[in-house]
Amino acid sequence: MQIKRFTLEDNLKEFIKFPFSLYKNTPYQQFWVPPLISDQKKLFSKNHPFFAHAKAEFFIAYEKGRPVGRIAAIIDYNHIEFHNEKCGFFGYFESINSKDVAIALIDEVKKYLRLEGMSAVRGPFNPSTNEEVGFLLEGFDSPPSIMMPYTPPYYLNLMERAGLKKVKDLFAYIRSVKEPLPERIGRIVERVKKKERLILRCFDMKNFKKEVEIFKKIYNSAWEANWGFVPMTDGEIDYMAKTLGSLIDSRLAHFIEVDGNPVGATLCVPDYNFVLKRLNGSLGPIGIIKFLYLKQKIKKVRLMTLGVIKEYRNRGLEAVLYYEILKATGAAGYDCGELSWTLEDNDLINKGIEAMGCRLYKKYRIFESAL
């Protein structure tokens, strides 16, 4: 086996394209969603805003000249500062079912992170908690939603063979719009609305930049206490807004205002994985035509973010946001919605989601090892 090291300065074409050959003609091909190669090239670029406060090295394992696995070693200095924790990360792991390949790749990451003074390694983070995280643990019989991973079940065993242990599981819930919303929850929501004098409004696409600024403040405030959370920089939120801006259905993005001040928000987007699955990584002229045609047939959405600023938590505003986004999903003509992800030990949030009639249908696992 040979391991080759790459940096952001190198041509990462082989690193980007490896999963396409790995999943081809396997039982997992029907569920794995090929990312757009053009998006991957932008991501693995020193110009990406994540790398304004982070760095990474990339490794590809070869056997007889053929790529058999890949991994990235990531150091996020914002994480180190925010959590006061010298933890490095691994991400973008893909491999054949071989413990030798997995161990070799993980060892390369460990070696790199030790030299950089890190005391632990955690992952997969692709590249942070603000993007895709985790290996699929349960729910292998359906494709993932947008910005959620799909990985083969043998990855879990490979991580354990490589000496990593579970540090956290993440949950994904689903709900059909055909199921009526619980009347009891509806009554509670109406009481909260009256008591708090709430105004719920949709994202104003005509004032997009201003709305993004509001969302930015709520997002970083609402999630600051979450495990693994690192505040998004202005550059990262602007980049995500630019990426998702044309994909947002304004009927599914809400703000809650109290006395004219935005204090909570949701961001729910149509599940464009339905489209990406049929593009096979390419968005040329034919791909654009396919995209425009297929996006009208999307029937599933993903609730990516829901948060309330610290001063207004535990007053029922979260229930209002969940309830209203579930109602809006059906009213907008979609069939079902995924709420993801939540932490396994966030009992308050998980019980609230289940009270809305949502069903836990996928789990993801994050691993860790001391260095």
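The values are calculated or read from the model by the stated rules, or taken from the named source; none is laboratory data. Keep in mind that what you see is a predicted model, and the values were worked out from it rather than measured. Glycine also receives a Cβ, built like all others from the backbone with ideal geometry; neighbour counts cover every protein chain displayed. For accessibility, only protein heavy atoms count, side chains too; no ligands or nucleic acids. Shrake-Rupley method; radii C 1.70, N 1.55, O 1.52, S 1.80 Å.
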Legend entry - Normalised contact order of the range 134-275, rounded percent, pairs of Cα under 8 Å and 6 or more residues apart: 25 percent
Legend entry - For the chain, calculated [θ]222 nm from helices alone, where every DSSP H run of n ≥ 4 adds -39500 (n - 2.57): -10500 deg cm²/dmol
Inset, instruction - Any of LYS86/LYS111; LYS277/LYS297; LYS193/LYS310; LYS4/LYS166; LYS216/LYS310; LYS111/LYS165 with alpha carbons more than 20 Å apart? Name them for me. - result: LYS4/LYS166
Inset, instruction - Determine the per residue accessible area of the range 1-131 with all protein chains present and a 1.4 angstrom probe, expressed in square angstrom. - result: 46 Å²
Legend entry - Along each principal axis, Cα extent of the chain, largest first, Å: 67, 48, 35
Inset, instruction - Over all alpha-carbon pairs in the range 208-292, figure out the percentage whose distance exceeds 23 Å. - result: 36 percent
Inset, instruction - Please get the size of the charge dipole for the range 233-294, origin at its Cα centre, with Cβ charges of +1 on Lys and Arg and -1 on Asp and Glu, quoted in debye to the nearest 20. - result: 560 debye
Legend entry - Theoretical gain in end-to-end length, PHE20 to ALA332 [0.36 nm per residue, Cα-Cα removed]: 108.9 nm
Legend entry - Principal axis dimensions, largest first and in whole angstrom, of the range 274-327 by Cα: 50, 21, 13
Inset, instruction - Provide Rg and Dmax in Å for the range 111-245, with only Cα atoms included in the calculation. - result: 19.8, 58
Inset, instruction - Could you work out how far helix 13-23 tilts from the main Cα principal axis of the chain, as a 0 to 90 degree angle to the nearest 10? - result: 80 degrees
Inset, instruction - Report the one residue of GLY281, TYR322, GLY307 whose Cα lies farthest in the direction of the positive end of the charge dipole of the range 265-329 (charges on C-beta: Lys and Arg +1, Asp and Glu -1; origin at the Cα centre). - result: GLY281
Inset, instruction - Report, as a whole number in µm² per second, the diffusion coefficient that Stokes-Einstein gives for the range 283-371 at 20 °C and 1.002 mPa s using the Kirkwood radius over alpha carbon pairs. - result: 135 µm²/s
Legend entry - Förster radius 22 Å - calculated FRET efficiency between TYR361 and ARG187 (Cβ-Cβ, nearest 0.05): 0.20
Inset, instruction - Give the long-range amide H neighbours of LYS362: residues separated by 5 or more places, or on another chain, with amide H under 5 Å away, using H modelled in the peptide plane at 1.01 Å from N. - result: ALA172
Legend entry - Label zone at ASN314 (point 7 Å along Cα-to-Cβ), backbone N below 17 Å, the range 236-274: none
Inset, instruction - Please report Rg over Rh for the range 144-220, where both radii come from the alpha carbon positions and Rh follows the Kirkwood definition. - result: 1.14
Inset, instruction - Would you mind putting 199-206, 43-50, 357-364 in packing order, based on average other-beta-carbon counts within 10 Å, highest first? - result: 357-364, 43-50, 199-206
Legend entry - Spin-label model distance (nm) - ASN261 vs ILE349, 7 Å beyond Cα toward Cβ: 2.3 nm
Legend entry - Helix 183-196 vs. the chain, principal-axis angle (Cα, 0 to 90°, nearest 10): 80 degrees
Inset, instruction - Largest first and to the nearest Å, give the Cα extent of the range 34-176 along each principal axis. - result: 44, 40, 32
Legend entry - Distant alpha-carbon pairs in the range 251-291 (separation over 11 angstrom), percent: 71 percent
Inset, instruction - Starting from the eigenvalues of the Cα gyration tensor, five times each then square-rooted, give me the equivalent ellipsoid semi-axes of the range 1-61, largest first, whole Å. - result: 24, 16, 9
Legend entry - Positive dipole terminus of the chain, leading residue within PHE44, LEU200, ILE103 (C-beta point charges): LEU200
Legend entry - the chain: angle of helix 317-331 to the longest principal axis, Cα-based, in degrees nearest 10: 90 degrees
Inset, instruction - Starting from the Cα-Cα distance between ILE103 and LYS209, subtract it from 0.36 nm times their residue separation and give me the gain in nm to one decimal. - result: 33.6 nm
Inset, instruction - Determine the share of the chain's accessible area contributed by carbon and sulfur atoms, expressed in whole percent, with a 1.4 angstrom probe. - result: 51 percent
Legend entry - Estimated inter-spin distance, SER246 and LYS86, nm [label 7 Å along Cα→Cβ]: 4.5 nm
Legend entry - Extreme residue, positive dipole direction of the chain, given options PHE15, LEU343, SER128 (C-beta unit charges): PHE15
Inset, instruction - Please list ILE256, ILE3 in order of solvent-accessible area, largest first, computed with a 1.4 Å probe with all protein chains present. - result: ILE3, ILE256
Legend entry - Cα-centred dipole magnitude for the range 119-252, charges only on beta-carbon of K, R (+1) and D, E (-1), debye, nearest 20: 680 debye
